[in-house]
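For reference, the structure discussed in these notes is given below.
Throughout, read-outs are computed from the coordinates displayed, never taken from laboratory work. Because the structure is a prediction, the values reported are computed rather than measured. Quick reminder, even Gly has a Cβ in these numbers, built from the backbone with ideal geometry, and neighbours come from all protein chains shown.
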Amino acid sequence: MSDLLQIENSASVEEAGERRVVRRLPEWLTIRLPKRQPIADVENLMRSGRLVTVCEEARCPNLWECWTKKSATFMIMGDTCTRSCRFCAVKTGRGLPLDPDEPRRVAEAAKTLGLRHTVVTSVNRDELADGGARHFAQTIACLRELLPGSIVEVLTPDFLGKRDALDVIVQARPDIFNHNTETVPRLYRQVRPQAKYPRSLDVLEYVKLQDPTIYTKSGFMVGLGETRDEVIALLRDLRDKKVDAITIGQYLKPGKGYLEVVEYIHPDVFDEYKAIGLEMGFVFIASGPFVRSSHNAIELSEAVGLL
C-alpha cells in the first residue's frame, strides 16, 4: 500500500443537470498514511467488543489519523440507518433490536483507550418511539461511571424533533451536544431528503434553552453546490440559535451512487469561513478540507476549558 492516499484521481469533468461535477482531486486533498499497527489495535478492540464506529461505517478519511492516536467515534444502535441521506455511506434499512449491554461495552472500550474526550454518535432509528434517546442516556451514564474524567460529547439525530426525547438527552447531561445541519437549506431535499432544516435548528435551540451549560455544536459540508452567501447565512442561523461550536469540512463522495462533488473548496476559503464565524461569536470553529464532526473533537474541550 502506498503511503499516500487520494480518494479520487479521475481527471474528467461532467455535467449533472445544472451542476458541474469536478472529479480531479486538488493537491491539498492528499493523506499520508501512518503505520498499520496502532490501527490494528483499535480495530481489534472494536471487534472484540462488538462495537461499531462511524469512522468505518461512514468511510471517514481521518480514520488512519484518529486510530493511530488510539481514538475513535462510537456509533451506537447498530450500523443500519432508517434514513437515506445521499452523502452518507452508512447503509439504509431497518435496524436490529437495541443491545442493552452496548452502553457498558462502549464505556469499557473508551476506558481501555484512555479517552479524555469521548464522542458517541448513532444511526437514525426513527422506528423507535424515542429515536434511541434512552440508549444515548444509558451510554452517557456508563461513561460517567467507568471514565469519570472524560468529557462526553454526543452527536445525535434530530429524534424527529420530539421534545421528550431531547429532554432525555439533556437530563443525561452530556458536556457537548452536537447535531449536524450538514448543508445549506436550499440543498436539503437533494442532500438529506428525510430531514428538515428548521427542525435541526430547533433541536439545537431547544437543548441550549433547557440547559445553557451544555455546549452546543453543529457541522456542515461544503462543495455540494452551495454559495458563499448561503454558507454565511447558515452560520448566522446557527449563531442565532446560540450554537457554540462549528465544524466545516469538504464533502467527499464515499463511493458509487452518492452525490457528486461539485467543487473542491480551497483551504483559504475554509479559513475565511472560520474568520467570519469567529467574528459572529462562535467560541470554536474547526474549518478545513478534512474536518469532520468528531475529528480532533478534544480541541473544543481544550479551547473552552473543559479539560
Starting from the Cα-Cα distance between Ala233 and Asp268, subtract it from 0.36 nm times their residue separation and give me the gain in nm to one decimal.
-> 10.7 nm
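Work out how much length Ala303 to Ala141 would gain on full extension: take 0.36 nm times their residue separation and subtract the Cα-Cα distance, in nm to one decimal. Spell out each step's value before the answer.
Working: separation 162, 0.36 × 162 = 58.32 nm, distance 2.46 nm.
Result: 55.9 nm gained on full extension.
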So what are the radius of gyration and Dmax for the Cα set of the stretch 23-304, in Å?
-> 17.6, 48
Sticking with the crude label model, points 7 Å out along Cα→Cβ, report the distance from Arg86 to Asp99 in nm, one decimal please.
-> 3.4 nm
Counting only residues 5 or more places away or on other chains, whose amide H sits under 5 Å from the amide H of Cys81 once H atoms are built in the peptide plane?
-> Lys91, Thr92, Gly93
Given the C-alpha centroids of the stretch 153-205 and the stretch 274-298, what is the distance between them in whole angstrom?
-> 18 Å
In nm, give the distance between the simple-model label positions of Asp167 and Thr112, each being 7 Å from the Cα along the Cα-to-Cβ direction.
-> 3.8 nm
Can you give the charge dipole size of the stretch 23-304 about its Cα centre, rounded to the nearest 20 debye, using +1 on the beta carbon of Lys and Arg and -1 on the beta carbon of Asp and Glu?
-> 660 debye
Alpha carbon convex hull of the stretch 146-273, volume per residue in cubic angstrom = 135 Å³
